[in-house]
Structure formats: C-alpha cells, structure tokens
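All remarks here apply to the structure that follows.
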Amino acid sequence: MNLGRLTLFQRTARKSVCTLFLLCVALLCAAAISSSAQTFTTLVSFDGANGSLPFGMVQGFDGNLYGVTQNGGAVGYGTVFKITPDGVLTTLYSFCNQDACGHGSYPQSIALGSDGNFYGMAFGGGGSGCDCGTIFKISPSGTLTLLHSFQNTDGAFPFSGLIEAGNGIFYGTAFSGGAHGAGTVFKMTPAGKVTTLYSFCAHTGCSDGADPFGLLVEGTDGNLYGTTEQGGASGLGTIFQMTPAGAFKTIHSFGGADGLFPTAGLVQAEGTVYGYGITSRGGKHGEDDYDSGAIFKTDRAGKLTLLHSFCLSNCADGSDPYAALIQATDGNFYGTTQMGGFPVCSYSTLGCGTIFKISPAGAFTILHTFCVDANCLDGDSSYAALVQRTDGTLYGTTAGGGPANEGTVFSLAVGLAPFVETVPGSGKVGANITILGTDLAGATAVSFNGAAALFTVVSGTQITATVPAGATSGTVAVTTPSGTLTSNVSFRITK
C-alpha cells in the first residue's frame, strides 16, 4: 500500500478542521448549489454515544434505512443502526461490547440479503489471533450472528462489503492477506462458508492488482467486476473481471492520466455494457496525493473513457471522490467527494466535499457543497456511496460535521420519481423474489418484462413474487392504485 496516501482513518481525522476555518460568505454558498429545485435535510447528527463516522446505508424490507458507524457506540468500536426516512435513529448493535471483539470491530458496510437480514463486514476483531476482521449477519431487530473470522491466509481487513449474486452466493474482497498478502476475492454461502477464489499479487510486480477496496458488481453477463487500489502495469490500480467460479482477468491498468487509486467499485449503466466508476486521484490534472480524481466509463474489454477530472485545489466541483457512483431513476449518476468545493473550510484549502450529478455523457452538476451551514452542521467529508430510497429521495452520510462533529445522515430530494427494487437483482424462472417499494398496499399486478407474475403483498413496502415462465430479462412493473411503478434496473433471468 502506498504509505504516502491518507489512510481511511487519517482522512476522517481531518474532519474537525472544518469547524475552525469556515470562510463561507452567503453569495459564494448560493453559487455552489445548483439552481434546480431540491431540498437538502440533515436528519441525524451522531454524537459518539450513538455512533461516529457513519459509512453507507441500504434500504430494508420495512422501508427504513440501515447502516453502520465505524466508530462510537457503547465502547467506541462501531455500531449498526436503523433510521426512518424522517430521521428517527435506533442503535441496533454496538461492536466489541459483550463479545470482546469476537464479532468484529470497526464495521465497514452492510448489504441486504434476499432473506431480509443484513450481511456485513468488520475491519478488525474476530478472535482469530490476528484480529483480521469478520463477516456477520444481523437481523432487522438487531440479533447479530458471526459468520466468519478472517485468518489472514484467507484475507484480512475487509473494506468492500458484500453482494448477493443471482445464484444466492455472496461475493466480496479483503483488502489484505491471502497467499501473497495483497488481498483476496472470496465467495460465501448464506451459512458462512468462505472459499477464496483469488489471491492478488500472484503475478510479478503485482501486475494483476493489489489491495482491492471497492464493492464488486455482478454484470449483466453474469461475471463479477471490481477494482484494486494498487498494482497493475503502473502500480496505480486496476479493473478486473472474474467468473463466479473464480477465473480471473485484469482488463485495465490505470496510468495516472486516466486516473489512479480506484477506491470504489463499478456500477453498470442500465441497458449498456459499460461500467462507470471513480478514481480518488489522477485524471487530466495529474497525480497529486491529496486532490484531483476522475470519473470514467469502461466497457467489458477495459477500454476506458474519461468523463470528468476533478480540480487540484480551490475547485467548486470537489476533489478526492472516494465512494462508488449510483445510477438513479433519471438515468444520471450521483456521487460525493471527500474534499473540495466552496466554501473552503480548512487551512489547506481542501474543502469539505460535495454532492454531484453526472450524465452518462459526462455533463457535470454540483448539487450541494458541505459546510454551507455554520460550523458544518450540514456535514463534512462524505466518503460513502449514496442510496436512492424507493420513494426517489437520495440519502447519504458524512464522516464529520454536525454539532458533535461525529458525522451526519442526510437526505437530498431532487424530484426523482418513486420506483421498485428487486432483491436479488437476478434469478431463475420459478424463483421467489422480493420487491421493495413505497405505497405498495393494494397492488393489483406484477410483471417481469411484461410477463404476468403471481405475487403476495406483504406490506406497504414489500411484495413477494414468483418469476413467471416465459419471463425475459427486463424491468419489473407493479401496478398500484396510484399508478404503475417500474424497477430502477432490469431484472436478469438466469439459467
């Protein structure tokens, strides 16, 4: 790992600086925000006791959002929390409290499983002797089950999070450990059996990549795609492809001008073979260790097109994008930056970050600049991916800011339409699928790309449906008394 870069915890240590050097004036703040109709709301400010350094969220079957804080809680080792759409926070679990870190410490992420439980990874703890991290399952009511403790030989210090593929198996990466000490790709059954699929740095000079950091994505071709923060031909990171069985191929090595240090995974654009992603450094402005960054698209062959390069300093668009993009229901991509933007809020003029929108063609728009509120009450430094709740609203977290400077949860309404989401996003004919949404009570029809399906309305936020015979890959539609809702992405029919 490049020790010249800021580590995850070093980045968050800078969060207190913004409160000391706020230089915003009203005119400059107003200019930093898009003129389009939108509403930014700070929903929760963490205070340490209820968590600190929130990192990412996901919508549950009940319509609430669930997430983790990397620090804080009962004894300071992180929490799992639930938050209602209007901001009522409940702490479900505090790590390293009764379990003496056997269940893990410093949780990094959670993902919604098809069984309605949440599956996550903790960066440390595990009771394996190396404190190399864990994989856990937690119910919506807060019952936590340890599934796996990393042993270093099978990986260590997981950051990325898990995805559940259409075959019902979970896939993820560990940042370190493995056969060569540079991280692993693994699969896990729902019961917690972990199998290492690939150990990075198997090739001379780590030309295959090293230190995977971002979330994997299941492509429409059934393969998995991901990134490594280091390694590759120039040592600046890679994009790789892997079959579910573990056949590995590096498809792109970053060189600096096209970005470097990709800390986030890819998102595949709806209806295309292209994946969109970010790098935390590099782009056309160079390889500065503390600024810049880039947004790109790449096809399955690894041909990369640069869409946006963030500025080096004093730039309204932001710098140091850290989290993955999401594609919202309007077809545009939304993301955040850790630093940059106006007002400048630190002595080094790095700024406190932005929320942005970018079209598939590269048209870039600033939606919000953090620290526009006095003392950064609106938040500081977002390095977790946004999530679009099925009512259309965007939600996210910041590492700092708020009255206690321990981070926030926010919502951003930009007029996006409600939709439905399937869990999982692919499956066979005859499979039972969960459909998430809002105001689903009274639904009268469900179809998979036009093929009518049998279904049961479980609640106003959940429907279960069976993939019908004759269904083909495409959008899922739910007819409700107030109109027809369609899925945000196509559902993929698997063999």
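Assorted remarks:
- The distance from the alpha carbon centre of segment 159-230 to that of segment 417-495 is 30 Å, rounded to a whole number.
- Annotation: amide H of Cys101 within the under-5 Å range of Cys96, sequence separation 5 or more or interchain, hydrogens built in the peptide plane.
- Cα-Cα separations in the chain greater than 38 Å, expressed as whole percent: 19
- Candidates Tyr93, Asn64, Gly183 compared by Cα position along the dipole of segment 8-413: farthest toward the positive end lies Gly183, with charges placed on Cβ.
- Segment 422-493: equivalent-ellipsoid semi-axes (sqrt of 5 x gyration tensor eigenvalues, Cα, Å): 18, 11, 11
- From helices alone, the chain scores -500 deg cm²/dmol at 222 nm; the rule is -39500 (n - 2.57) for each run of n ≥ 4 DSSP H residues, then divide by the residue total.
- Residues whose placed amide H lies under 5 Å from that of Tyr77, excluding near-sequence neighbours: Gly72, Phe95
- Peptide ranges 186-192, 138-144, 387-393 listed from the most packed, as the mean C-beta count within 10 angstrom indicates: 387-393, 186-192, 138-144
- Volume per residue of the C-alpha convex hull in segment 157-284, rounded to whole Å³: 94
- Sequence-ordered 3J(HN,Hα) estimates for segment 271-279 from the Karplus curve with 6.51, -1.76 and 1.60 and θ = phi - 60° stand at x, 9, 9, 8, x, 10, x, 10, 10 Hz, glycine and proline given as x.
- Ranking Thr422, Gly362, Asn449 by how far each Cα lies toward the positive end of the dipole of segment 354-471 (charges on Cβ) leaves Asn449 at the top.
- The charge dipole of the chain, taken about its Cα centre with unit charges on the Cβ atoms of Lys, Arg (+1), Asp and Glu (-1) only, comes to about 720 debye.
- Other-chain or far-sequence residues with amide H under 5 Å of Glu406's (modelled H): Phe46, Gly401
- Long pairs among Lys82/Lys137; Lys193/Lys249; Lys249/Lys428; Lys187/Lys428; Lys187/Lys249; Lys297/Lys495, criterion Cα-Cα beyond 23 Å: Lys193/Lys249; Lys249/Lys428; Lys297/Lys495
- Segment 330-488, dipole about Cα centre (Lys/Arg Cβ +1, Asp/Glu Cβ -1), debye to the nearest 20: 440
- Cα-Cα pairs of segment 370-489 separated by more than 24 Å (percent): 40
Throughout, read-outs are computed from the coordinates displayed, never taken from laboratory work. Everything quoted here is computed from the prediction, not taken from an experiment. Don't worry about glycine lacking a Cβ; one is built from the backbone with ideal geometry, like all the others, and counts go over all protein chains shown.
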